[in-house]
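K.L.:
Have a look at this one.
The values are calculated or read from the model by the stated rules, or taken from the named source; none is laboratory data. Predicted model, so just to flag it, every value in this text is computed and none were measured. Here Cβ is always computed from backbone atoms with ideal geometry, including for glycine, and neighbour counts include all displayed protein chains. These accessible areas exclude ligands, DNA and RNA; they are computed on the full protein's heavy atoms, side chains included. Shrake-Rupley method; radii C 1.70, N 1.55, O 1.52, S 1.80 Å.
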Amino acid sequence: MANVIFKSGTKVQYEAIQPKDPNTLYWLTDEQALYKGDQLFGTGKAATQEAAGLLSAEDKKRLDDLVKGSVIGLTAVDGTIVIGDVDHGKTLKVGVSEKANNTIEVKSDGLFVGKTDVPKYEIEKKEEGAEGFAAVYRLKCTIGDSVTYSDVEINIPKDLVIKSGSLKVVEEKNVPYEGAEVGDPYLDIELNDEETTHIYIAVKGIVDTSNFVTSSIKTEKGEALIANDATGGGTWYRRTEDSLESYVGVNDGAEANGRPTPSAQIYAAKRDGSTIKDGSFINVYQDRITYNNRARMAAGAKNGDETSEIAVIADITASEDKAKVFYDATKYDVTGLLPGCRVDMNGKEIRVMFPKGAPFVKPSGTAEGRDNDCYYFGVIAYAPSDDVTGFKESNQETITNEPLENFDGPSSGVDKYGRKYDICWFPAAKWSEGDIWTYYGDQSEAGLCVGWYHTIEWYKDAECVGSETVRINLTNEQCHNSLKQSLGKDNSSNLIWEEM
């Protein structure tokens, strides 16, 4: 057996020895570590993740990881928490019961409670256990396929039977029974005795008044609900195939967010979860009835806005009468104008000015009597009253042998306001080779303008009820504002009539 040499020194002195003698024990005084040659045999110093001590470096790392990221010393007291084991740690998860009718599900983002059936309450007569009484009744609660009964039974003496029964909500403290609080549900049982006796049974805690459903009827096509709460109530029908929801209900009309709420409402809309969309709404307030739909509301309309108020026929008639005052005063209008055009209607003269460089274009299509190399504008003459049935017109100052026409021609009719009219078309400019346009109004001067006469007679059946002649003049920038009335230049050869 070889002799063992023992040496003592610091870590620096030990590392300077090269090579290290395998038969020598080295004691490091600053680290309290013992080496045999280059092999560590032990240390009295705390271990780290980089250096072994009382633990190896690997064991020390596992211990640090366990303290840092795992749960130690926890015990589940019931089935709501499940603790499991994994490498170097523990797992925690929520326990979900696998019993029937549990609606809680674990989703990727947490726990989810699906749709629950609305409870249905009924007063049911017991088939047994009525000894000594005419009948025994109790409150039945049905939720889906689950049926439960209240512990309180209603015993009816043999000489009395129930005339009626209803589920109500307390509206005044201590009424109709002592201890009643506003909003508490109770049963009002009316007996058929001479005094019409009422029996009141408090059912607070048995009935959920957060969504006070008094009736629910389900079919394969949908569900009908009758519900109320502290502020009002209503009836719904929800169709299964497309989530269409129809509603008629009442409310207390109190303000919400500084705005009045409807006292009554009717709507039909699609439901997407808790959101109502793609519907139409009629809202009844104390001072108005409004209509809205989702398209208008998406554009900023509000249910209570005055602009959404529903008008009656009298309101519409009044608006039409008011509008009539304005359009009845309009005898003529001009159409077919271009940017920069000016129109001046002054007594018996209508002045129309096309500016220099006006973007004239040739007319599209064809029409009888029209020059397809001219640009035309129209003068609209409105009938003086609704009972006018026809008209005669001329390009002279008098009507001679012109035919009587009605308002179904190509240039006459009835506009959206109900006004009967006739349009006469006039050429403003002529096109020539080189895409050159000659504006007829360039020939006009103050007091002497290129233009046309237009005479029209209005008829009620065969009787003339009015007539008027106007001068239609084309002007330019130099003469348009002249105060001289134009005597006119004959331009009747260029007149194109309503056959267009």
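K.L.:
Right, ASP371: over 19 Å from SER486 (Cβ atoms) and open to solvent by 30 Å² or more (accessible area, probe 1.4 Å) or not?
P.N.:
Values: over 19 Å from SER486 (Cβ atoms): yes; open to solvent by 30 Å² or more (accessible area, probe 1.4 Å): yes.
It is true that ASP371 is over 19 Å from SER486 (Cβ atoms) and open to solvent by 30 Å² or more (accessible area, probe 1.4 Å).
K.L.:
Let me ask another. Tally time: how many residues in the stretch 479-500 are open to solvent by 90 Å² or more (accessible area, probe 1.4 Å) and either at pLDDT 95 or above or part of a strand (DSSP E or B) (or both)? I'd like the intermediate steps shown before the answer.
P.N.:
First, the residues of the stretch 479-500 that are open to solvent by 90 Å² or more (accessible area, probe 1.4 Å): 481, 483-485, 487, 490, 493, 499.
Retained after the next criterion (residues that are either at pLDDT 95 or above or part of a strand (DSSP E or B) (or both)): 490.
Of the residues in that region, 1 qualify.
K.L.:
Which residue out of VAL379, VAL334 is of a type in the set (A, V, I, L, M, F, W, C), within 17 Å of TRP452 (Cβ to Cβ) and touching a Cys at 6+ places or on another chain (Cβ under 7 Å)?
P.N.:
Values: VAL334 fails: touching a Cys at 6+ places or on another chain (Cβ under 7 Å).
Just one listed residue meets the conditions, VAL379.
K.L.:
With in a strand (DSSP E or B), under 48 Å from the mean Cα position of the chain (by Cα) and surrounded by fewer than 20 Cβ atoms within 10 Å (Cβ to Cβ) as the only criterion, which of TYR421, TYR417, TYR459, TYR453 stands out? Write out each step before concluding.
P.N.:
Numbers: TYR417 fails: in a strand (DSSP E or B); TYR459 fails: under 48 Å from the mean Cα position of the chain (by Cα); TYR453 fails: under 48 Å from the mean Cα position of the chain (by Cα).
Just one listed residue meets the conditions, TYR421.
K.L.:
A further question on this structure: For ASP151, are the conditions met, namely being at pLDDT below 80, in contact with a Ser or Thr (Cβ under 9 Å, 6 or more places away or on another chain) and farther than 30 Å from ASP272 by Cβ? I'd like the intermediate steps shown before the answer.
P.N.:
Numbers: at pLDDT below 80: yes; in contact with a Ser or Thr (Cβ under 9 Å, 6 or more places away or on another chain): no; farther than 30 Å from ASP272 by Cβ: yes.
In short, no.
K.L.:
What number goes with the only condition from (1) open to solvent by less than 40 Å² (accessible area, probe 1.4 Å); (2) modelled with pLDDT under 90; (3) of a type outside the set (Phe, Trp, Tyr) that ALA428 does not pass?
P.N.:
That leaves (2) as the condition not met.
K.L.:
Please identify the pairs in which a residue from the stretch 13-38 that is within 15 Å of ASN3 (Cβ to Cβ) has its Cβ atom under 8 Å from the Cβ atom of a residue that is among the β-branched types (Val, Ile, Thr) and in a strand (DSSP E or B), counting only partners at least 6 apart or on another chain.
P.N.:
Sorted first by the residue in the stretch 13-38, then by its partner, the pairs are ASP21/ILE5; ASN23/ILE5; THR24/ILE5; LEU25/ILE5; LYS36/THR24; GLY37/THR24.
K.L.:
Would you be able to tell me the number of residues in the stretch 396-414 that are open to solvent by less than 40 Å² (accessible area, probe 1.4 Å), out of contact with any Lys or Arg (no Cβ under 6 Å at 6 or more places or on another chain) and within 21 Å of THR330 (Cα to Cα)? It would help to see each step written out before you state the result.
P.N.:
Here is the first cut: in the stretch 396-414, the residues open to solvent by less than 40 Å² (accessible area, probe 1.4 Å) are 399, 407, 409, 411-413.
Checking which are out of contact with any Lys or Arg (no Cβ under 6 Å at 6 or more places or on another chain) leaves us with 409, 411-413.
Subset that is within 21 Å of THR330 (Cα to Cα): 411-413.
Residues flagged as open to solvent by less than 40 Å² (accessible area, probe 1.4 Å), out of contact with any Lys or Arg (no Cβ under 6 Å at 6 or more places or on another chain) and within 21 Å of THR330 (Cα to Cα) within the stretch 396-414 amount to 3.
K.L.:
I would also like to ask the following. Within the stretch 262-315, track down each residue that is modelled with pLDDT under 80, of a type in the set (Asp, Glu) and not in a loop (DSSP other than H, G, I, E, B).
P.N.:
Hits for the stretch 262-315 are ASP272, ASP278, GLU306, ASP315.
K.L.:
Any residue in the stretch 333-347 that is in a loop (DSSP other than H, G, I, E, B) and charged (D, E, K, R)? Working first, answer last.
P.N.:
As a first pass, look at the stretch 333-347 and keep what is in a loop (DSSP other than H, G, I, E, B): 336-341, 347.
If we keep only those that are charged (D, E, K, R) too, we end up with none.
Scanning the stretch 333-347, I find no residue that is in a loop (DSSP other than H, G, I, E, B) and charged (D, E, K, R), so the answer is no.
K.L.:
Oh, and also: Cβ contacts < 8 Å: first residue acidic (Asp, Glu), restricted to the stretch 158-171; second residue open to solvent by 70 Å² or more (accessible area, probe 1.4 Å) and at pLDDT 70 or above, any location; separation 6+ or different chain. Result?
P.N.:
GLU171/VAL182
K.L.:
Moving on. Which of (1) closer than 30 Å to LEU92 by Cα; (2) modelled with pLDDT of 70 or more is the odd one out, the single condition LYS11 does not satisfy?
P.N.:
(1)
K.L.:
Just for the stretch 154-190: of the residues that are part of a loop (DSSP other than H, G, I, E, B) and of a type in the set (Val, Ile, Thr), which one is modelled with the lowest pLDDT?
P.N.:
Looking at residues that are part of a loop (DSSP other than H, G, I, E, B) and of a type in the set (Val, Ile, Thr), I get VAL161.
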